[in-house]
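Novice: There's a structure below that I have some questions on.
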Amino acid sequence: MRIAVLGTGTVGQLVAERLGELGHDVVVGTRDVNESLSRVGDESAQGFGDWARSNGRIRVAKLSEAAAGADVVVNATSGEASLAALALAGDANLAGQVLIDVSNPLDFSQGFPPTLFVSDTDSLGEQIQSAFPGARVVKALNTVNMALAVRPQALAGGEHTVFVCGDDETAKATVIALLQDMGHRDVLDLGGISSSRGTEMYLALWTRLMVTLGTGTFNIKVVR
Ligand SMILES: NC(=O)c1ccc[n+]([C@@H]2O[C@H](COP(=O)([O-])OP(=O)(O)OC[C@H]3O[C@@H](n4cnc5c(N)ncnc54)[C@H](OP(=O)(O)O)[C@@H]3O)[C@@H](O)[C@H]2O)c1
């Protein structure tokens, strides 16, 4: 499949690299290609320029060019900027597309742990679906550290739970198959896109677990 990963941060890099490894034709979308390619890293994260140079088969394009003609689009942008980034990708380019939304509505303005800028009666997943009604939004992988999310076998043989939700059953089936290709063994379908409220609000627990455990490399298993 041709997959556009919108996002040049750690998450965009991890998702793009893994999907490329799985044989997909991947393009990363960004606002300004030259500026993104000029970024160098530090001890905490690899700069996008360095990453792009070591992943030469993955193309980098403006958001709208990346999204145009893709079979699947991944929103891996900052939650606060996701609606703006997707608007730059273009309503017409997103129409009919499977849009995997991995973003979280995190608000760090009061420090750590973050709060959510939308919750309870709404969610970022729903806001994205309403802003782009032609897109087939599937919320996924926002509940797991992305390094683990793209390589679930690294922990407990992949036997831990990830969630999908969205209003389009065919789009969800496409996303579930992609997650299974990554190595997920337990993908739980929570129903319509309003279930994003649950997976996004889980971040309040996820951030505390990370502090308590001293690592982001963990996940939950829903035992039936
Ligand atoms: N860290 C994890 O393990 C993890 C796990 C699950 C979900 N998530 C979620 O994944 C998403 C990406 O996280 P991240 O840490 O990789 O990156 P990030 O720093 O949250 O976001 C970087 C991306 O956001 C875009 N962006 C920032 N401001 C923008 C604006 N005003 N308009 C348009 N685009 C803008 C940047 O675009 P440019 O490329 O143009 O600069 C860049 O691609 C977040 O929503 C995060 O909550 C993270």
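Novice: Could you please find all residues in region 129-164 being touching a Leu at 6+ places or on another chain (Cβ under 9 Å), farther than 13 Å from Phe218 by Cβ, surrounded by 15 or more Cβ atoms within 10 Å (Cβ to Cβ) and of a type in the set (Gly, Ala, Ser)?
Specialist: Scanning region 129-164 gives Ala131, Ala135, Ala140.
Novice: Can you confirm whether Asn104 is modelled with pLDDT of 95 or more, in contact with a Pro (Cβ under 9 Å, 6 or more places away or on another chain) and either buried (at least 17 other Cβ atoms within 10 Å of the Cβ) or more than 24 Å from Glu200 (Cα to Cα) (or both)?
Specialist: Numbers: modelled with pLDDT of 95 or more: yes; in contact with a Pro (Cβ under 9 Å, 6 or more places away or on another chain): yes; either buried (at least 17 other Cβ atoms within 10 Å of the Cβ) or more than 24 Å from Glu200 (Cα to Cα) (or both): yes.
When the stated conditions are applied, Asn104 passes them.
Novice: Here's a follow-up. Going through region 85-98 one residue at a time, which ones are in a loop (DSSP other than H, G, I, E, B) and within 15 Å of the ligand (Cβ to nearest atom)?
Specialist: Selection gives Gly90 alone.
Novice: Got a sec? Which of Ser78, Ser123, Ser130 is of a type in the set (Ser, Thr, Tyr) and more than 13 Å from the ligand (Cβ to nearest atom)? Walk me through it before giving the result.
Specialist: Values: Ser78 fails: more than 13 Å from the ligand (Cβ to nearest atom); Ser123 fails: more than 13 Å from the ligand (Cβ to nearest atom).
After ruling out the rest, the residue left standing is Ser130.
Novice: Could you tell me whether Ala70 is within 12 Å of the ligand (Cβ to nearest atom), crowded, with 24+ Cβ neighbours inside 10 Å, within 21 Å of Ala16 (Cβ to Cβ) and of a type outside the set (S, T, N, Q)? Steps first, answer last, please.
Specialist: On the way: within 12 Å of the ligand (Cβ to nearest atom): no; crowded, with 24+ Cβ neighbours inside 10 Å: yes; within 21 Å of Ala16 (Cβ to Cβ): yes; of a type outside the set (S, T, N, Q): yes.
No, not satisfied.
Novice: Quick one: Val187 ticks every box in (1) under 16 Å from the mean Cα position of the chain (by Cα); (2) surrounded by 21 or more Cβ atoms within 10 Å (Cβ to Cβ); (3) more than 18 Å from Thr215 (Cβ to Cβ) except a single one, so which number is it?
Specialist: For Val187, the exception is condition (2).
Novice: Run Gly49 past the list (1) away from the ligand (no atom under 14 Å from the Cβ); (2) modelled with pLDDT of 95 or more; (3) small (Gly, Ala, Ser) and report the number of the one that doesn't hold.
Specialist: (1)
So that you can scan it fast, the table gives a plain yes or no per residue for (1) of a type in the set (S, T, N, Q); (2) modelled with pLDDT under 95; (3) surrounded by 18 or more Cβ atoms within 10 Å (Cβ to Cβ):
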| site | (1), (2), (3) |
| --- | --- |
| Val5 | no, no, yes |
| Val11 | no, no, yes |
| Val15 | no, no, yes |
| Leu19 | no, no, yes |
| Gly23 | no, no, no |
| Val26 | no, no, yes |
| Thr30 | yes, no, yes |
| Gly41 | no, yes, no |
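Novice: Let me ask you something else. Could you run through region 171-205 and say how many residues are in contact (Cβ under 8 Å) with a residue 40 or more places away in the chain and assigned to a helix (DSSP H, G or I)?
Specialist: Summing the residues that are in contact (Cβ under 8 Å) with a residue 40 or more places away in the chain and assigned to a helix (DSSP H, G or I) in region 171-205 gives 16.
Novice: Oh, and also: Does Ser82 count as in a helix (DSSP H, G or I), surrounded by 24 or more Cβ atoms within 10 Å (Cβ to Cβ) and touching a Ser or Thr at 6+ places or on another chain (Cβ under 7 Å)?
Specialist: Values: in a helix (DSSP H, G or I): yes; surrounded by 24 or more Cβ atoms within 10 Å (Cβ to Cβ): yes; touching a Ser or Thr at 6+ places or on another chain (Cβ under 7 Å): yes.
In short, yes.
Novice: If I go through region 1-46 residue by residue, how many of them are within 14 Å of the ligand (Cβ to nearest atom), assigned to a helix (DSSP H, G or I) and among the acidic types (Asp, Glu)?
Specialist: 2
Novice: Take the residues in region 133-174 that are near the ligand (Cβ under 10 Å from one of its atoms) and not polar (S, T, N, Q), then tell me which one is nearest to Glu21 (Cα to Cα). Please lay out each step first, then the result.
Specialist: Our first condition is that a residue be near the ligand (Cβ under 10 Å from one of its atoms); within region 133-174, this holds for 140-150.
Filter once more, so that each one left must be not polar (S, T, N, Q): 140-141, 144, 146-150.
On the way: Ala140: 20, Leu141: 18, Val144: 20, Met146: 15, Ala147: 14, Leu148: 15, Ala149: 15, Val150: 11 Å.
Among those that are near the ligand (Cβ under 10 Å from one of its atoms) and not polar (S, T, N, Q), it is Val150.
Novice: Hey, another quick one. Does Ser109 meet the test of being crowded, with 17+ Cβ neighbours inside 10 Å and within 15 Å of the ligand (Cβ to nearest atom)? Give the derivation first.
Specialist: Details: crowded, with 17+ Cβ neighbours inside 10 Å: no; within 15 Å of the ligand (Cβ to nearest atom): yes.
For Ser109, the condition - crowded, with 17+ Cβ neighbours inside 10 Å and within 15 Å of the ligand (Cβ to nearest atom) - is not met.
The values are calculated or read from the model by the stated rules, or taken from the named source; none is laboratory data. Because the structure is predicted, anything quoted here is derived from the model rather than measured. Cβ coordinates were reconstructed from backbone atoms using ideal geometry, including for glycine residues, and neighbour counts include every protein chain displayed.
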